[in-house]
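The values are calculated or read from the model by the stated rules, or taken from the named source; none is laboratory data. In this text the structure is predicted, and so the values were computed from the model without any measurement. Neighbour counts are summed over all protein chains in view; Cβ atoms, including those assigned to glycine, are modelled from backbone coordinates with ideal geometry.
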Amino acid sequence: MHEWMGDNSHTPHIVVDTSIDGVTVPVEHIKDGKIILNISEAAAHNLKLTNDAISFRARFSGVPFDVWVPMQSVLGIYARETGQGMIFSQDAESAEHIEPPELQADVEETRSRPHLTIVK
C-alpha cells in the first residue's frame, strides 16, 4: 500500500494505537491514544518497513525523533489526499473505532461507489 500510494503521488499516513507496548512516538502528539504519522519518502527519513515494525526518523515541531512502531499497533494506512486506504483490526468490534474522525465521511463516501478501471 505504501509503495502504491507513493507511485500515485499520494501521501501515505498510518494510524497507530499508542497503547501497544513498544510504540516509540513523541507523546505530545498523541491524541485519544492514537497518533497519525506521515510515512512518505519526504517526511520519514531512513524508513524501514518490515514484517515486525515500521521505523524512521522524522521531525515533530522541528525536533528530530526516532519513531518505532510495532506492526500490531498499526490500525490502518490511508492516502491523505483521498482518505482511501485499509483499516486493520484484531476483531470486528474495534474496526469501527480506528478511522481518523476527519476521514470518516470521506471513507463512507468512497465505500458507497465502486471505482474499478479496466486496464488493457
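Answer yes if at least one residue in the range 58-71 is assigned to a loop (DSSP other than H, G, I, E, B), within 15 Å of the chain's Cα centre (by Cα) and among the polar types (S, T, N, Q), and no otherwise.
no
With at pLDDT 95 or above and in a strand (DSSP E or B) as the only criterion, which of Ile35, Ile77 stands out?
Ile35
Take the residues in the range 17-32 that are in a loop (DSSP other than H, G, I, E, B) and not aliphatic (A, V, I, L, M), then tell me which one is surrounded by the most Cβ atoms within 10 Å (Cβ to Cβ).
Selected residue: Thr18.
Select, from Ser73, Ser9, the only residue that is farther than 18 Å from Phe88 by Cβ and among the hydroxyl-bearing types (Ser, Thr, Tyr).
Of Ser73, Ser9, the one residue that is farther than 18 Å from Phe88 by Cβ and among the hydroxyl-bearing types (Ser, Thr, Tyr) is Ser9.
Give Ile14, Ile54, Ile39 a once-over and let me know the one that is surrounded by 18 or more Cβ atoms within 10 Å (Cβ to Cβ) and touching a residue at least 60 places away in the same chain (Cβ under 8 Å).
Of Ile14, Ile54, Ile39, the one residue that is surrounded by 18 or more Cβ atoms within 10 Å (Cβ to Cβ) and touching a residue at least 60 places away in the same chain (Cβ under 8 Å) is Ile14.
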